[in-house]
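Visitor: First the structure, then my questions, so here it is.
We did not get these values from a lab; they are worked out from the coordinates using the rules stated. What you see is a predicted model, and the numbers here were worked out from it, not measured in a lab. Backbone-built Cβ (ideal geometry, glycine too); neighbour counts: all protein chains shown.
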Amino acid sequence: MKKTILSGLLACLVWVTAWGQEQDTLQSEIKMHELMEIVVKGNLPNTRLKGNAMITRIEGTSLASAGTLGEMLVKVPGMTGTEESPEVLGKGAPLIYINGRLLRDASELKRLRSEDIRDVEVINNPGAQYDATVRAVVRIHTRRQQGDGLSLDLTATDDQDLRYGFNRPSGKLGLNYRTSGVDVFGSVYYFHQNYHQYSSLEEITNIDKVFRQNGPYTMTWKNDQLTYTAGVNWQINDQHSVGARADLTHYLGGTNMVIYDEDVYENDVKIDHLYSEQTSHESKPLGWLTNAYYSGTAGKLGIDFNFDFMSSQINTDRENIEESTVNDDFVLSRSGTDSHLYATKLVLSYPIWKGTFEAGTEMAFAKRHNTYWIDKETIANTDADITENNLAAFAEYSCNLERYGRASVGLRYEHTLYDYDDAMNSDYLHRSMDEFFPTASYSVTLGPVQAGLSYGLKTNRPSFFAMNDAVTYISRYSMQAGNSQLLNERLRDLTLNVSWRWLSLAASYVRCKNAITQWAFISDDDAALIKHINLERPVNNYSLFVSATPQIGIWSLNATAGVEKQDLYLDLEDIHVAGGTRRSYYDKPVYTVNAFNSFSLKHDWKFDINFMFRSRGHQLNFYNDCDNIRLGFVAQKSFLNKSLTLRAAVLDVLQRNRLNEYADMGYYQIQQNNRYSTHKLQFTVIYRLNATRSKYKGTGAGKDAQQRMRL
């Protein structure tokens with residue numbers, strides 16, 4: 001009996017001790033969980049530095065309700081530009097990746113919503129993995145949707161111009177079905193383009209006599225476009241995922257109209273009044289853009305493979321009616337482009353010692369056929385085939401030196417083969433290049449400060465448009481052409497990034513050889529031919545930007561201030577000065593100030609005040625002589641547990657979104673003052689029906705006891 005009682009007491013003691021240990025463990029886990037939550041909140045700000053990438057968290061912040069992907073990107077620290085063409089500060093237009101897939105269709109900036117984005121990486125000096133032409137990379141990661149079922153995404157937007165009265169509607173319907181790790185998705189996107197630009201133009205030609213042309217210049221673009229998207233993602237398991245998608249663009253026709261209305265003077269005596277009306281009708285057969293990918297691991301080996309195919313075609317019929325006091329004229333022209341691209345990229349990664357070794361290859365095969373016909377004997381027709389093949393191999397090793405920081409070094413080899421063959425003019429160009437591009441970076445954490453320094457040798461290859469020798473007729477006084485003899489730009493880039501709490505700094509020095517710009521050449525009949533050229537003198541560029549992302553109560557701020565400056569001077573031909581040449585400096589700095597204010601109120605109300613400023617200054621041989629200011633107000637309200645969102649915005653409130661460009665080319669100067677139709681009222685309706693349910697079946701038990709244990 002005593003043994004039974006003793007055994008029972010011993011068992012009870014063991015149970016009580018075990019129960020106490022479990023409670024201590026549970027309390028420890030709860031405290032640790034709470035402590036971890038505090039640490040995450042304190043040490044993971046919205047923007048942080050990781051190597052040479054600035055990573056901004058979007059999910060759960062005010063940027064998640066910024067609107068379209070394009071509207072969100074211009075508000076991310078380190079970025080600027082417009083929603084149609086976002087830029088990285090000091091580096092220009094970036095290469096944009098969405099979940100590892102290269103964004104090749106700019107309309108996707110309008111089709112994707114900020115609510116779907118998890119975070120954004122801005123890399124302002126990318127490594128050897130990326131094409132040597134790439135000066136900046138933006139990597140976008142979307143939120144991973146949970147559960148199975150059907151979801152719907154419906155967005156309708158209308159932009160109403162407040163100054164000229166036209167509107168620009170767009171809409172998207174998207175469906176997604178998820179089951180057992182497989183996503184099947186599709187969407188239809190409609191966009192009506194209606195854009196107006198109002199300018200004044202003055203051209204002065206200083207030769208043995210002085211010609212001057214000035215007057216208003218207007219441009220309008222109107223077209224309708226449908227984009228169909230379909231695809232599938234299959235996450236086989238945690239180690240393997242595959243997918244494919246196709247975007248089919250259906251262009252419903254478009255018209256572009258350009259009107260010149262100018263007076264022509266010779267030695268300050270009016271000799272002509274020219275009214276030129278150029279109407280272009282564009283047609284585009286169905287354009288294809290497809291992507292397929294595989295991402296996975298084989299043991300410790302990481303594998304990332306992408307394949308892209310793109311096909312597009314544009315046919316343009318252009319009528320140019322000229323009314324002149326000297327001689328009326330009617331000019332017909334026709335142009336066409338047919339482009340195809342095949343591209344693949346394979347990246348292998350493997351952990352070695354304290355870091356990761358990455359190696360891979362990238363291949364791009366592009367072919368374009370250009371045709372141009374005009375009914376003027378003085379301008380040659382064109383029937384040209386352009387082929388550019390690029391084969392690349394790269395290797396990069398990044399090493400974690402623990403408390404001494406993190407370092408990486410890489411090398412990229414590119415073989416480029418370029419052929420230009422014009423059957424109409426017997427012009428032929430064959431260019432083969434083999435180039436090496438080294439990269440290196442080092443980053444370190446010093447208490448609360450993170451810093452990174454990176455170096456890269458880059459290049460910039462001229463576009464197919466810039467290398468097209470066809471002369472485009474604008475008026476009897478002006479023509480435009482490319483230049484198949486253009487050389488590649490060569491850039492040496494040194495960039496410093498520093499981050500401290502909600503403050504970050506980016507500073508760069510870039511030296512550019514063979515910079516590509518436009519220049520004027522005067523023909524025998526005194527008409528100006530604008531062509532692309534390489535500058536003989538290297539251009540040094542300096543930039544410094546500081547970003548701040550504080551949050552105080554209901555107010556959050558994303559602000560950036562900085563300056564860009566170039567060192568450039570040119571010796572210009574001028575028959576009116578002694579020696580026949582004069583020196584002109586192009587070194588006025590450009591200042592940028594952006595401030596995006598967001599106020600999140602109760603009952604799912606949100607208000608934004610967005611301000612963007614860019615000062616006058618030089619960019620290559622062009623000078624902008626006015627300050628660009630964009631001020632906008634946004635209000636939005638969510639309903640039905642955030643399934644329905646109504647959004648209204650007034651954009652370019654001050655009507656100061658303008659660009660006044662002046663170029664001094666010695667014997668030729670041009671001043672073009674541009675006003676854009678961006679003063680508008682925008683309404684957006686967003687409805688999301690997500691019928692997906694979490695696979696996790698547990699609903700919890702003893703919630704009251706759990707809550708009391710946390711006290």
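Visitor: At what distance in nm do the modelled label points of K270 and A298 sit from each other, each positioned 7 Å from its Cα along Cα→Cβ?
Guide: 7.8
Visitor: Can you tell me the FRET efficiency between A106 and A244 if r is taken as the Cβ-Cβ distance and R0 is 22 Å, rounded to the nearest 0.05? All intermediate terms of the calculation are to be shown ahead of the outcome.
Guide: Working: r = 21 Å, r/R0 = 0.97.
Approximately 0.55, to the nearest 0.05.
Visitor: Now for a different question. Can you order the peptides 509-520, 398-409 by their average number of other Cβ atoms within 10 Å per residue, highest first?
Guide: Taking the mean over residues of other Cβ atoms within 10 Å, the ranking is 509-520, 398-409.
Visitor: For a Förster distance of 25 Å, can you work out the FRET efficiency between the beta-carbons of N237 and L150, rounded to the nearest 0.05? Don't skip to the answer; put the middle values down first.
Guide: Working: r = 24 Å, r/R0 = 0.94.
Calculated transfer efficiency: 0.60.
Visitor: Moving to a separate point now. With +1 on each Lys and Arg Cβ and -1 on each Asp and Glu Cβ, how big is the dipole of the chain about its Cα centre, in debye rounded to the nearest 20?
Guide: 5000
Visitor: So what's the net charge close to S349: Lys and Arg +1, Asp and Glu -1, counting the other residues with Cβ under 10 Å from its Cβ?
Guide: Details: positive: K300; negative: D304, E358, E396.
Once positives and negatives cancel, what remains is -2.
Visitor: Taking R0 as 51 Å, what's the FRET efficiency between N167 and L457 from their Cβ-Cβ distance, rounded to 0.05? Don't skip to the end; give the middle numbers.
Guide: Working: r = 48 Å, r/R0 = 0.93.
Once rounded, the FRET efficiency stands at 0.60.
Visitor: Give, in nm to one decimal, the length gained when the segment between W555 and F309 is fully stretched (0.36 nm per residue of separation minus the Cα-Cα distance).
Guide: Numbers: separation 246, 0.36 × 246 = 88.56 nm, distance 4.47 nm.
Going from the current span to full extension adds 84.1 nm.
Visitor: Need the full-extension length gain, L417 to K376, defined as separation in residues times 0.36 nm minus the C-alpha distance. One decimal, nm.
Guide: Numbers: separation 41, 0.36 × 41 = 14.76 nm, distance 3.40 nm.
Full extension of this stretch gives 11.4 nm more.
Visitor: Could you pull out every one of the aspartates and glutamates with an alpha carbon less than 19 Å from that of K680, ignoring same-chain neighbours closer than 8 positions?
Guide: E71, E83, E84, D158, D159, D161, D608, D652
Visitor: Give, as a single signed number, the net charge of other residues whose beta carbon lies under 11 Å from the beta carbon of L544, with Lys and Arg counted +1 and Asp and Glu -1. List each step's numbers first, then the result.
Guide: Details: positive: K565; negative: E564.
That sum, taken over residues with Cβ under 11 Å, equals 0.
Visitor: Based on Cα positions only, what radius of gyration and what Dmax would you give for the stretch 413-504, in angstroms?
Guide: Here Rg and the maximum Cα pair distance are 21.5, 66 Å.
Visitor: Rounded to whole Å and sorted largest first, list the principal axis extents of the Cα atoms in the stretch 561-613.
Guide: Largest first, the stretch 561-613 extends 73, 18, 9 Å along its Cα principal axes.
Visitor: Place the peptides 543-552, 597-606 in order of packing, highest mean first, counting for every residue the other Cβ atoms within 10 Å and averaging per peptide.
Guide: Working: 543-552: 17.7, 597-606: 13.8.
So the peptides 543-552, 597-606, ranked by packing, come out 543-552, 597-606.
Visitor: I need the trypsin sites (Lys or Arg not before Pro) found in the stretch 125-159, filtered to DSSP loop residues with at most 11 other beta carbons within 10 Å of theirs.
Guide: Working: sites: R135, R139, R143, R144; in loops: R135, R143, R144.
Counting only loop positions with at most 11 other Cβ atoms within 10 Å, the trypsin sites (Lys or Arg not before Pro) in the stretch 125-159 are R144.
Visitor: Which of the aspartates and glutamates could a cross-linker span from K458 if the Cα-Cα distance has to be under 15 Å and same-chain partners fewer than 8 positions apart are dropped?
Guide: Partners within reach: D131, E414, D434, E435, E489, D493.
Visitor: Still on this structure: What angle do you read, to the nearest 10 degrees and between 0 and 90, between the alpha-carbon axis of helix 2-43 and the longest principal axis of the chain?
Guide: Once rounded, one gets 20 degrees.
Visitor: Could I ask something else about it? What list of ³J(HN,Hα) values in whole Hz, one per residue of the stretch 443-460 in order, does the Karplus curve 6.51 cos²θ - 1.76 cosθ + 1.60 (θ = phi - 60°) give from phi, with Gly and Pro shown as x?
Guide: 9, 8, 10, 10, x, x, 9, 10, 9, x, 10, 9, 9, x, 9, 10, 9, 9
Visitor: With θ set to phi - 60° and the Karplus curve 6.51 cos²θ - 1.76 cosθ + 1.60, what are the ³J(HN,Hα) couplings of the stretch 308-315 in order, to the nearest whole Hz, using x for Gly and Pro?
Guide: 3J(HN,Hα) across the stretch 308-315, in whole Hz: 10, 9, 9, 9, 8, 8, 10, 10.
Visitor: Still on this structure, I have one more. My understanding is that a pair violates if its Cα-Cα distance is over 31 Å; which of K284/K588; K75/K222; K91/K367; K75/K367; K565/K606 do that in this structure? Provide the component values of the computation, followed by the final result.
Guide: Numbers: K284/K588 42 Å; K75/K222 28 Å; K91/K367 28 Å; K75/K367 36 Å; K565/K606 37 Å.
In this structure, K284/K588; K75/K367; K565/K606 lie more than 31 Å apart at Cα.
Visitor: Quick one: if you stick a label point 7 Å off each Cα along the C-beta vector at N99 and L644, how many nm between them?
Guide: In this crude label model, N99 to L644 measures out at 2.9 nm.
Visitor: Between (1) 29.0; (2) 32.2; (3) 26.5, which entry matches Kirkwood radius over Cα pairs in Å as derived from the coordinates of this structure?
Guide: (1)
Visitor: For the chain, calculate the relative contact order in percent as a whole number, restricting contacts to Cα pairs under 8 Å that are 6 or more residues apart.
Guide: In percent, rounded to a whole number, it is 10.
Visitor: Sticking with this one: Given only helices, namely DSSP H runs of n ≥ 4 each adding -39500 (n - 2.57), what is the per-residue ellipticity at 222 nm of the chain, to the nearest 500 deg cm²/dmol? Please report the intermediate quantities before stating the final value.
Guide: Numbers: 4 runs with 58 residues, N = 711.
The helix-only estimate for the chain comes to -2500 deg cm²/dmol at 222 nm.
Visitor: Tell me the Kirkwood radius of the stretch 468-523: reciprocal of the mean inverse pair distance over distinct alpha-carbon atoms, in Å.
Guide: Details: mean 1/r = 0.0653 Å⁻¹.
Answer for the stretch 468-523: a Kirkwood hydrodynamic radius of 15.3 Å.
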